[in-house]
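Peer 1: Let me begin by handing over the structure; questions about it come next.
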Amino acid sequence: GDGLGLQRREGEDLVYVATTGSLGGQNGVRQRLDGSLGGVALRSHAPALSADALHDPRIDRGICLATGAGALLAIPVEVSGAPAAVLLAVWRQPHAIGETVQRVLRIGAALVGGGIARSVLAERGEDPERTVATAFAQRRHEEAQGRAQAELDPLTGLLRRAPFQTAL
């Protein structure tokens, strides 16, 4: 891409908090959720693609002209399962967004979300590593309980024969 920005949600606005490339001068600029591809991504909890930004009715044409955006990709950044920000990639040329770049940016958005979550936990005085370890342990316990229930005969409540045969 030609530019990359991170927009934080503040009420019904998105605010650029980190930018580079063709979006470099946008730090602090506010955009309404309505009329922005970032707003579409946040509300749908899914990436939003505009291959031809100048002709996309979801996007403010004036902003595209000001930033030179020909194509946009907005990916929601989730923190604890809730969309809190948007990673926005900009290309000057329309139709310039490839599938590989989209996958890489989705991974980047997940990493940003993880970093934000770690910061929030640290600000609360919680140990991020311990919180993550506890969450994984709880998930493993829930999965084990689900398997154990599947191995019980529903009529008698006794173990079925299959787990014993598998163990042999």
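Peer 1: Mind giving me the FRET efficiency for residue 82 and residue 155? R0 is 41 Å, r the Cβ-Cβ distance, nearest 0.05 is fine.
Peer 2: 0.45
Peer 1: Here is a further query. Quick one: which of 40-48, 93-101, 52-60 comes out on top by average Cβ neighbours within 10 Å, and what's the full order, highest first?
Peer 2: 40-48, 52-60, 93-101
Peer 1: Calculate the tail of P(r) for the range 1-117: the fraction of all Cα-Cα distances greater than 24 Å, expressed in %.
Peer 2: Here the tail beyond 24 Å accounts for 13 percent of pairs.
Peer 1: Apply 1/(1 + (r/R0)^6) to the Cβ-Cβ distance of residue 34 and residue 10, taking R0 = 22 Å, and write down the FRET efficiency to the nearest 0.05.
Peer 2: It comes out at approximately 0.95.
Peer 1: Taking the simple approach of a point 7 Å from Cα along Cα-to-Cβ for both residue 65 and residue 96, what is their distance in nm?
Peer 2: The modelled label-to-label distance comes out at 2.0 nm.
Peer 1: Stretch residue 17-residue 120 to full length: gain in nm at 0.36 nm per residue minus the Cα-Cα span?
Peer 2: 35.4 nm
Peer 1: Using 0.36 nm per residue of separation minus the Cα-Cα distance, give me the extension gain between residue 27 and residue 110 in nm, one decimal.
Peer 2: 27.7 nm is the gain from fully extending residue 27 to residue 110.
Only the coordinates and a few stated rules stand behind these numbers; no lab work does. Keep in mind it's a predicted model, so treat the numbers as computed, not measured. Counting neighbours? That spans all protein chains shown, and the Cβs are built from the backbone with ideal geometry, glycine included.
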